[in-house]
Amino acid sequence: MVDYFVVSDLVSNSSPSGDAPTDQMTTNLLGYKARERPDAAHDASPIAHVRADAPPFLMLHGDADPMVSPAQSQSFHEALTKAGARSELIIVPGAIHEDAAFWTEDTLSQVRAFLDSTMRRR
């Protein structure tokens, strides 16, 4: 699994006002505001489904992302590794959400290396 700027916890990603663009995306996805039904929103979050036999993950996140906090990827990465799953996290310095820095040769070579190591027939 290669994931860019993951929202791993729909509840903690909610804004205090509930009116941020990410809140509207969550409402469109779930059909309700995450803060109105936090238990159900948590159950719909990727972080609620972490397990040791999860597929290998590579997460990339910019440290200057104004839309989705890098903490979303960091906490998901930590939960996966704590559960015993394979997870790698690349924090891209200075990158914002959907930044061109994710498509540099250096970053793409890291993605290729991850895919080569996980997709190679054994």
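Structure notes:
- The sole residue among 8, 12 that is in contact with a helix residue (DSSP H, G or I) (Cβ under 6 Å, 6 or more places away or on another chain) and within 27 Å of residue 107 (Cβ to Cβ) is 8.
- Candidates 101, 113, 95, 71 - the one that is of a type in the set (Gly, Ala, Ser) and over 16 Å from residue 4 (Cβ atoms): 113
- Among the residues of the range 82-107, those identified as touching a Phe, Trp or Tyr at 6+ places or on another chain (Cβ under 8 Å) and either over 26 Å from residue 22 (Cα atoms) or part of a helix (DSSP H, G or I) (or both) are 85, 86, 102.
- Pairs meeting the criteria (first residue in the range 24-49 and farther than 25 Å from residue 82 by Cβ, second residue of a type in the set (Val, Ile, Thr) and surrounded by 15 or more Cβ atoms within 10 Å (Cβ to Cβ), beta carbons under 6 Å, at least 6 apart or on different chains) are 33/27.
Okay, residues lined up against (1) of a type in the set (Val, Ile, Thr); (2) surrounded by fewer than 14 Cβ atoms within 10 Å (Cβ to Cβ); (3) within 19 Å of residue 47 (Cβ to Cβ):
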{"site": "62", "(1), (2), (3)": "no, no, no"}
{"site": "67", "(1), (2), (3)": "no, no, yes"}
{"site": "72", "(1), (2), (3)": "no, no, yes"}
{"site": "80", "(1), (2), (3)": "no, no, yes"}
{"site": "85", "(1), (2), (3)": "no, no, yes"}
{"site": "91", "(1), (2), (3)": "yes, no, yes"}
{"site": "94", "(1), (2), (3)": "no, yes, no"}
{"site": "103", "(1), (2), (3)": "no, yes, no"}
{"site": "106", "(1), (2), (3)": "no, yes, no"}
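- Of all residues in the range 26-48, at least one satisfies being in a helix (DSSP H, G or I), aliphatic (A, V, I, L, M), under 15 Å from residue 8 (Cα atoms) and at pLDDT below 95.
The values are calculated or read from the model by the stated rules, or taken from the named source; none is laboratory data. Not measured: the values here are computed from a predicted model. No Cβ is skipped: glycine too gets one built from the backbone with ideal geometry, and neighbour counts run over all protein chains shown.
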